[in-house]
Amino acid sequence: MNRLRFGALLLMRGRRLGLYLSHRVVLTVPKPGPVRAASLAAFQPAQVFALDGVAVPFFEALATAAACQEHFPSSFDMVKRMLSLPTEMRLNDFLAYMARNFGAELAEFAVPVPQNDSKDDNSDTPQGENSMDESDVIADFNKKCDEARERFWKRPNILLCGYTGSGKTSLAKAILGDVVPDDAIGDGRPMTMKYDCYKNELVCIWDSQGLESGQAEEEFTAKTRAFVRERQNDPNVDQHIHLVWYTIQGPGARVTSCDLNLIRNIFNQEHVIVVITKADAMRQRQKEALLQALKEGGIPDDRIVFASDAESGAIGCKELMNLSYKMLPEAYKDAFLEAQRIDLEARLQAIRNKKGKAKGIVTTAATAAGAAGAIPIPLSDAAVLVPIQVTMIASLASLYGLKQEAVKQAALPFVAKLVGVFTASSILKLIPGLGSVVNATVAAALTTAMGMYVTSYFEETALAKAKGVPAPPLNFDMELFKEFYAACKKNKEN
Ligand SMILES: Nc1nc2c(ncn2[C@@H]2O[C@H](COP(=O)(O)OP(=O)(O)O)[C@@H](O)[C@H]2O)c(=O)[nH]1
Ligand SMILES: [Mg+2]
């Protein structure tokens, strides 16, 4: 069966049209009069146009019409009015118009049969006509999480280059931790064949084979050039190499012409950090000699870091991490900061700094909820607010980098609760005196309250995760939620 998306336009057997708000709520004009919400099952559509938001452009006009109880002879007239089409237009001409202007196609549709079998008895989820399909909500939630993930977490590509045995893999492991497998570190043997890609959702490390002593330098240089060219020619910048850590073995105290050629001519120098490795085993004189040789080769001081692996005390790793952070393109910084294992305080601070973005997400959702609430939503249909909030929570979960398992543990119970909270009986219990209708102000305030509540919980969870301590238990704390709600309402009134 085709999945319906928010804003799909439904056509009933016959001529009645409805706007699908998701989770089985349809807006239509059931009989001459104002716009009403109906359940998908009651509407019984047989055909559907455009599974993707075709009705969204006139949603605002619809909300206004509904708010002032505007009278429509039929749902078809309502749609024509929203689209500013001539009232005498016939259904066939209308279908042709939709195809032309929205690329909307008419498809057969069957109302899915609700599954009521697997609900436990003391679940908060209401049964019956107005109940939302929880599995639908969760599928939607997971999809929204993936989408948000792509927005917030752009994964940087870091290339490690340098002679075999110079300590490339050890360095990557010291800074980026477990993404680099233990057995990738060699003892003189070339462990890395061609280019190995170590990656998780935060970072992708290209570990090159490295130049073997005795191997033709030209061949190695040509191979490296080909690899870099291929990536930098990709129109998708996410595929580019964003940073190069070029390693020079410190105790060797030698910079070869091959090193200099690679650093200066093959890579974009703007993206290269020269890392002098095994600093733990270097004499001061060797350090000075290397710096001098690099300086003569035209490498600026501020692009050179002395470092050692984790076993040797991770000398200079914090410095390398800070410099890398500074040099990475803006979009890739957050993921890098999260991936690095060297500077815990920087990670904690980065998590705390997410409040601003979180606030933006909550405001967007509250605005959408306010627009939905402009059609005074009968409480039984407060379900229309759920998809908006599901999107909000998914975005917040992704922003705080809660991984798939954490999302399941921390966010899904929220979503399940949400389905319960936004139903007539529990919402009335929650906020006495609310009346029987959720209006724009209440819809926005409820959404803001939920957003603030979720943000503070996700922030705590992300901080705990970074510190390696157990995440706080999730108790959906009604009292706390009420406090947030009261604060939001007060804000609105002032
Ligand atoms: N003393 C010391 N040894 C290191 C350091 N980094 C790497 N090594 C050793 O150098 C060898 C080669 O390291 P590896 O990371 O596999 O180098 P790669 O071939 O460039 O990836 C291994 O035996 C490492 O244990 C370091 O900072 N200090
Ligand atoms: Mg290696």
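The lysines within cross-link reach of residue 489, meaning a Cα-to-Cα straight distance under 26 Å and a gap of 8 or more places when in the same chain, are 354, 355, 357, 359, 417, 429.
Only bridges whose two residues both fall in segment 157-328 count here: according to DSSP, what percent of them are antiparallel, nearest 5? Bridges in segment 157-328 that DSSP calls antiparallel: roughly 20 percent.
Each other residue within a Cβ distance under 15 Å of residue 206 adds +1 if Lys or Arg and -1 if Asp or Glu, for a net charge of +4. Size descriptors for segment 196-326, from the alpha-carbon set: Rg then Dmax equal 15.0, 46 Å. Which net charge results for the neighbourhood of residue 78, defined as the other residues with beta-carbon distances under 13 angstrom from its beta-carbon, given Lys and Arg at +1 and Asp and Glu at -1? Here the count lands on +4. With the cut-off at 19 Å, tell me which of the pairs 154/467; 318/467; 168/278 have Cα atoms farther apart than that. Table pairs above 19 Å Cα-Cα are 154/467.
Each reported figure results from applying straightforward, stated rules to the coordinates on display, with no laboratory input. Note that the structure is a prediction, hence the values are computed from the model and not measured. Cβ sites come from the backbone with ideal geometry, for glycine too, and all protein chains shown count toward neighbours.
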